[in-house]
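Worksheet: one structure, shown below.
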Amino acid sequence: MLGPFLETLIGGLLTGVLYSLVALGFVLIFKASGVFNFAQGAMVLFAALTIARLSGEIDGKEVHLANFVVAAAILGVAVAFIGWYAWREYIARGAGPGERRKMQVLAAVGALVGGIAAYSYGKGAWPLWLAIAATAAIMGLLAYAIERLVLRHLVNQEGIILFMATLGIANFLDGFGQTLWGSDIYKINLGLPKDPLFLFEGVFPGGLLVDPGELVAAAIAAGLVVVLAIFFQKTRVGRALRAVADDHAAAQSVGIPLNTIWLIVWTVSGLVALAAGLIWGAKLGVQFSISLIALKALPVLILGGFTSVPGAIVGGLIIGAGEKLSEVFLAPILVKQFDLAGGGIENWFAYMLALVFLLFRPQGLFGERIIERV
Amino acid sequence: MLAVIVAAFLAVPMVASPYLYTEILIPFLILSLAAIGLNILVGYCGQVSLGTGGFMAVGAYAAYNLWLRVPELNNLIVVFLFGGLMAAAVGILFGIPSLRIKGFYLAVATLASQFFLDWLFARVKWLTNYTPSGSVAVGKLEVFGWHVDTPADRYLLILGIVVVGTLVAKNLVRGHIGRSWMAVRDMDIAAEIIGFRPLRTKLTAFAVSSFFIGVAGAMWAFLRLGAWEPLAFDINRSFQILFMVIIGGLGSLVGSFMGAAFIVLMPILLNQLPGWFGIRMSTALLSHLEFMVFGAMIVFFLIVEPHGLARLWAVAKEKLRLWPFPH
Amino acid sequence: MVARVRSFPDVLLSVENISLSFGGVKALTDISFDIAKGEIRAIIGPNGAGKSSMLNCINGFYHPQQGAITYKGVRRSQMKPHEAAEQGIARTFQNIALFRGMSTLDNIMTGRNLRMKTGLFWQALHIGPAQREEIENRKVVERIIDFLEIQHIRKAPVGQLPYGLQKRVELGRALAAEPELLLLDEPMAGMNIEEKQDMCRFILDVNDEFGTTICLIEHDMGVVMDISDRVVVLDYGKKIGDGVPDEVRSNEAVVAAYLGVSH
C-alpha cells in the first residue's frame with residue numbers, strides 16, 4: 001500500500017512543481033501591478049506554439065509567413081534596442097524628443113530587413129536554442145505591446161476592468177497564435193530521457209516507478225522558481241518591483257518608472273510562460289488545451305496567496321499531490337459508492353481543497369493578515 | 001419602454017423568419033436574462049462570479065428532472081420556476097464562502113462551483129436519467145395547455161418570461177434590498193456598521209442572481225437547444241455571460257440587454273463579413289480570427305468606456321438632445 | 001461663544017478599563033469614561049492617540065482584549081457592528097465612507113435599512129407593504145435632506161460631490177437611523193470656516209431638537225471647547241484628562257501633551 005501511495009505522491013509533487021511555475025507567472029504580475037492576469041494560460045500556449053513551430057519540421061509552404069513575422073520581430077526588437085540606446089545618448093547630449101520617431105522608423109526598417117533575411121533563410125527547422133531565443137524575444141515584444149496598447153490606457157481602473165482586459169488579451173492571443181501557427185497538435189523535443197526509472201528497489205518490492213522526463217522537467221522548473229525568487233528578493237529591479245506592488249503612487253514619487261516596471265514584469269512572466277510552455281509542451285504535446293493549464297494554477301493561487309512567491313511554490317506542491325492522490329485513491333471509492341460514470345474528480349478537487357482551506361485562512365497560506373480600518 | 005415591449009410582442013412576429021427567431025432573438029433574450037442575473041451579483045452586489053455556466057446547468061437539469069419524473073407538472077412555467085429555485089439553493093450554498101473571501105479570491109472560488117457542477121452532471125447518472133455521455137433531450141412542451149412548438153411560440157413565451165423577470169429585477173434593485181447590495185458593493189465595512197448583515201445581504205444576492213441564471217439555463221436547454229449535454233454550460237458559457245455584463249455595463253439592467261445583443265450579433269457579423277468582401281476563408285481560420293477580433297473588441301471597449309455600452313448610450317442620448325449645441 | 005454648562009443625570013454608555021492591541025502594538029490602554037444621555041462628548045488627542053480605535057470599540061468594529069462596555073445598562077464585551085447599529089448607535093467616518101456609486105438620496109435611504117423589513121416577495125412586486133414602507137421612509141429621509149439643506153444634490157452620485165457636502169451626506173445617513181448615540185469621527189476635518197460653522201450648527205441642532213447623544217472626535221480645539229459638554233483627552237492610548245472644557249483647558253498634562261503651547 002505504501003509503495004503505490006508514494007509513487008502517486010511523487011508523481012503528484014512533480015506535476016505540482018509545474019503548476020507552481022504557471023502560478024508564479026500570475027503572482028509576478030499581480031504583485032507588481034495588481035492585475036489578475038487571466039491571459040497567463042494563453043501566453044503559455046502562444047509560447048509553446050511558437051517554439052514548436054520554429055523548432056519542428058517545416059513542410060515548406062504555409063510557414064513562410066510566420067517565419068517572416070518571427071524574424072521580423074526578433075530583428076525589430078534588436079534594432080529598436082540599439083535605437084533606444086542611441087536615443088538615450090542623444091537625450092543625454094540634449095537632443096530633442098524628435099529622435100523617438102527616428103528610433104521607431106529604425107525599428108521598422110530593421111524588422112523589414114530581418115524579415116527578408118529570415119524569409120530566404122528559414123525553410124528548415126531551427127535548432128532548439130535558436131527557437132527558444134527567438135520565442136523569448138517575441139514574448140518581450142508581446143509584453144511591450146500589451147503595456148503599450150492595453151495597460152497604459154487602463155491605469156487607475158478598477159481591478160475587475162483590468163481582469164476583463166486580460167480576458168480579452170487571452171482571447172486575442174489564443175486566436176492569434178493559432179492563426180499564425182495553425183491549430184494542429186505539435187511536438188517539442190527536449191530530448192528528455194524516456195525509460196522509466198525505479199527508485200528504492202531495496203525498500204519496496206519492485207521499487208517506485210518514476211518518469212525521468214518528469215524528474216528533469218521538475219528540476220528545470222524548480223531551478224527557475226529559485227532564480228525568480230532570488231530575482232525578486234535580492235536584485236535592484238526586484239526591490240523596485242516590490243515597491244511598486246506596495247504603493248504605485250509612492251513608488252512613482254521616489255522615481256521608479258511605472259511603465260518600465262510593468263514592461264519588465266510582463267516580460268518576465270512571458271518568459272515564465274515560455275518555460276512552462278516548453279516543459280508542458282514536451283510532456284503533453286502542444287495543443288489548444290495547454291492554455292487550460294492556467295485553470296489548474298488558480299487553486300494554487302488561492303491556496304498560496306496571490307502575492308506570495310513561496311505560496312505559489314508550496315501551494316503548487318500541495319495541489320499537485322492532492323489532486324493525484326484524490327484521483328487515485330478517493331475517486332474509485334466515490335465511483336463505487338455513488339454509481340458514477342467514471343472518476344475525473346481531479347478537475348474540481350483542487351478547487352474544493354483550496355476553498356475549504358480558505359474558509360479557515362482567508363488570506364491564503366502565506367498572505368499577510370489584513371487589519372481593516374475605517 | 002412600453003412601446004418597445006408592445007413592438008416585441010406584436011410587430012416582431014409579423015416580420016420575423018425562423019432564422020431570426022432561432023439564431024438571434026431567442027438566444028439574445030435568454031442570455032439577456034442570464035446577464036441580468038449575473039449583473040445583480042457582480043454589478044449590484046460587487047461579488048465577481050465565474051460560475052454562471054454551472055448555475056445555468058443546475059437550472060437546466062433540475063427542470064429536466066422535474067419534467068421527466070413528474071409528468072403531472074408538465075407546465076413549462078412550473079418547470080422553469082423549479083429550475084430557478086434549485087439554482088438559487090445551489091447559489092446560496094456556493095455563496096457562503098463570500099463572507100470570508102473577497103475580490104479575486106472569490107472569483108476563483110466560484111470556479112470551484114463551475115468545475116464541480118460540470119463534473120456532477122457528467123458523472124452522476126441519475127441526474128441525466130442514465131443516458132450515455134449525459135446528453136438528454138426534451139419533447140412535448142406546453143404551458144397551461146398551450147403547445148410551444150414553433151419558433152414563434154417559443155419566442156413569445158421567452159419574451160413574456162424575460163419581461164416579467166426584468167420587471168422583478170428592476171423592482172428589487174430600486175428597493176431597500178437593492179440598496180443593501182449596492183452598499184455592500186461600494187463599501188462593505190461601512191455597510192455592516194450602519195446595520196446591514198453582510199452574509200445575509202450577499203446570500204440574497206447570490207440567491208436572486210442564481211434564480212435568474214437558473215431560469216435562463218432551463219430556458220436555454222428547453223427552448224433553444226431541445227437536446228443538450230453538460231458541455232453546453234461549461235466555463236466558456238460563464239465567460240460569455242460575464243462579457244455581456246461588462247460590455248453592457250456593470251450595474252445597469254439595460255446594459256445587460258445591450259451586452260447580450262452585442263455578444264450574440266458579433267460572431268454572426270464576423271462570419272458574414274469576409275463573404276461580403278468576396279474573401280473566402282477556411283472555417284478554422286475564421287474561428288481563430290473570431291477569437292482575435294473578439295478579444296481586441298473587448299479590450300477596445302474597456303479602454304473607450306469601462307462602464308459599458310449603457311454609459312455610451314446615455315452619453316450619446318444626452319449629446320443628441322443638445323445637438324447642435326455642445327452643451 | 002461661551003462654553004455651555006448643562007447637567008446630565010443619566011449615563012447612556014460607560015467604558016470600563018478598555019485595552020486594545022494589534023499584535024504587539026498597544027492602541028488603547030486601560031481607558032475608562034462615560035457618556036451621559038443627551039450630552040455632547042468630545043474625544044481629543046494628538047494623531048495616533050487612539051481616538052478612532054476608541055470609537056471602533058464602541059460600535060463593535062474592534063474587539064478590545066480587556067474591559068467591557070455598558071450601553072443602556074447592558075454590559076457586553078464583544079458584539080458585531082450591525083448589532084451596535086440595531087441598538088441605536090450610528091456613526092460617521094474619518095475618511096468618508098459613503099457608498100460612492102449611489103445617489104445622495106439612496107445613501108441616506110440606506111440609513112433607514114433597519115426599519116425596512118419587507119421581504120423579497122413584496123420587494124419583487126413593489127406593491128402593497130413594500131411600496132408603503134418605501135413611501136414612509138422616504139418621507140423621513142426628505143425631512144433630513146431639508147434639515148441638512150442638501151435638496152439640490154438629492155439625485156447626484158455622491159462620488160462626484162465636493163468634500164464638505166459628502167461629510168454632510170454622511171451625517172444625513174447616520175441621522176436617518178434616528179440613533180440614540182451618534183458617533184462622529186472628525187466631522188469637520190478638512191473643511192473651511194464656513195463649512196465648519198454649518199457643521200457645528202447641525203450638530204448642535206441635532207442635539208437640541210432630537211435629544212441625540214453625541215460623541216465626537218475633533219482636532220479643531222476652538223470648535224471642541226465651544227460645542228462639547230465634556231471632553232476626554234487621549235495620548236498614546238492612555239487617558240490623560242477628562243472633564244468640562246474649562247477643566248481640560250487648565251489641565252497641565254493635557255497642555256503639555258496636546259496643546260503644545262509654551263509654559
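Some notes on this structure:
- Where helices (runs of 4 or more DSSP H) fall entirely within region A:211-322, those with at least 2 residues that are under 20 Å from B:Phe104 (Cβ atoms) are at A:236-246, A:258-284, A:293-304.
- Whichever residue in region C:40-87 is within 14 Å of the chain's Cα centre (by Cα) and over 22 Å from C:Lys167 (Cβ atoms) and, among such residues, is nearest to the other protein chains (Cβ to nearest Cβ): C:Gly60
- Some residue of region B:181-195 being small (Gly, Ala, Ser), part of a helix (DSSP H, G or I), in contact with a helix residue (DSSP H, G or I) (Cβ under 8 Å, 6 or more places away or on another chain) and closer than 30 Å to B:Pro18 by Cα: no
- Residue satisfying all of: in region B:170-202; facing another protein chain (nearest Cβ under 8 Å) and among the β-branched types (Val, Ile, Thr); nearest to B:Gly91 (Cα to Cα) among these: B:Ile177
- For region C:119-143, the set of residues classified as surrounded by fewer than 20 Cβ atoms within 10 Å (Cβ to Cβ) and of a type in the set (Val, Ile, Thr) consists of C:Ile127, C:Ile135, C:Val140, listed by residue number.
- For the criterion of being under 19 Å from A:Val356 (Cβ atoms) and assigned by TED's automatic domain parsing to the domain that holds A:Gly12, A:Val286 fails.
- Yes/no for B:Ala205 being within 13 Å of chain C (Cβ to nearest Cβ), assigned to a helix (DSSP H, G or I) and small (Gly, Ala, Ser): yes
- Checking each residue in region A:173-188 for being in contact (Cβ under 8 Å) with a residue 40 or more places away in the chain and within 8 Å of chain B (Cβ to nearest Cβ) picks out A:Leu173, A:Asp174, A:Phe176, A:Gln178, A:Ser183.
- Looking across region B:78-99, the residues that are open to solvent by less than 10 Å² (accessible area, probe 1.4 Å) and away from chain A (no Cβ under 14 Å) come down to B:Val79, B:Phe80, B:Gly83, B:Gly84, B:Ala87, B:Gly91.
- Options A:Ala294, A:Ala276; residue that is open to solvent by less than 10 Å² (accessible area, probe 1.4 Å) and more than 29 Å from A:Asn156 (Cα to Cα): A:Ala276
- Helices (runs of 4 or more DSSP H) lying entirely in region C:161-263 (those with 2 or more residues that are farther than 20 Å from C:Ile44 by Cβ and not assigned by TED's automatic domain parsing to the domain that holds C:Lys72): C:163-176
- Subset of region C:8-19 that is open to solvent by less than 30 Å² (accessible area, probe 1.4 Å) and touching a residue at least 60 places away in the same chain (Cβ under 8 Å) - its residue that is nearest to the other protein chains (Cβ to nearest Cβ): C:Leu13
This table checks each residue for (1) within 20 Å of C:Gln66 (Cβ to Cβ); (2) surrounded by fewer than 19 Cβ atoms within 10 Å (Cβ to Cβ).
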{"site": "C:Lys37", "(1), (2)": "no, yes"}
{"site": "C:Arg41", "(1), (2)": "no, no"}
{"site": "C:Asn47", "(1), (2)": "no, yes"}
{"site": "C:Ser52", "(1), (2)": "yes, no"}
{"site": "C:Leu55", "(1), (2)": "yes, no"}
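- Subset of region B:135-170 (residues that are open to solvent by less than 50 Å² (accessible area, probe 1.4 Å) and under 18 Å from the mean Cα position of the chain (by Cα)): B:Tyr155, B:Leu157, B:Ile158, B:Leu159, B:Gly160, B:Ile161, B:Val162, B:Val163, B:Gly165, B:Thr166, B:Val168, B:Ala169
- Scan of region A:334-367 for residues that are closer than 18 Å to A:Leu9 by Cβ and either within 7 Å of another protein chain (Cβ to nearest Cβ) or open to solvent by 70 Å² or more (accessible area, probe 1.4 Å) (or both), ordered by number: A:Ile345
- Every condition in (1) within 14 Å of chain B (Cβ to nearest Cβ); (2) in contact with a His (Cβ under 9 Å, 6 or more places away or on another chain); (3) of a type in the set (A, V, I, L, M) holds for A:Leu258 except the one numbered (1).
- Unique match (being part of a helix (DSSP H, G or I) and at pLDDT 85 or above) among A:Gly168, A:Gly115, A:Gly110: A:Gly168
- Index of the failed condition, A:Ser269 passing every other in (1) open to solvent by less than 10 Å² (accessible area, probe 1.4 Å); (2) facing chain B (nearest Cβ under 9 Å); (3) touching a residue at least 60 places away in the same chain (Cβ under 8 Å): (2)
- Exactly one residue among C:Asn47, C:Asn56 is within 20 Å of C:Arg249 (Cα to Cα) and not aliphatic (A, V, I, L, M), and that residue is C:Asn47.
- Of all residues in region C:88-105 being surrounded by fewer than 19 Cβ atoms within 10 Å (Cβ to Cβ) and without any contact (Cβ under 8 Å) to a residue 60 or more places away in the chain, the one that is farthest from the other protein chains (Cβ to nearest Cβ): C:Ser103
- Residue count for region B:100-125, restricted to those that are in a helix (DSSP H, G or I), open to solvent by 10 Å² or more (accessible area, probe 1.4 Å) and at the interface with chain A (Cβ under 8 Å from one of its Cβ atoms): 10
- Region A:145-164 residues that are facing chain B (nearest Cβ under 10 Å), paired with ones that are surrounded by fewer than 20 Cβ atoms within 10 Å (Cβ to Cβ) and of a type in the set (Gly, Ala, Ser) (beta carbon under 9 Å, 6 or more apart): A:Gly159/A:Gly34; A:Gly159/B:Gly103; A:Ile160/B:Gly103; A:Leu162/A:Gly34
The values are calculated or read from the model by the stated rules, or taken from the named source; none is laboratory data. In this text, all values refer to a predicted model and were calculated from it rather than measured experimentally. With ideal geometry, Cβ positions are generated from the backbone for all residues, glycine too; neighbour counts draw on all protein chains shown. Heavy atoms of the whole protein, side chains included, go into the accessibility calculation; ligands, DNA and RNA do not. Shrake-Rupley method; radii C 1.70, N 1.55, O 1.52, S 1.80 Å.
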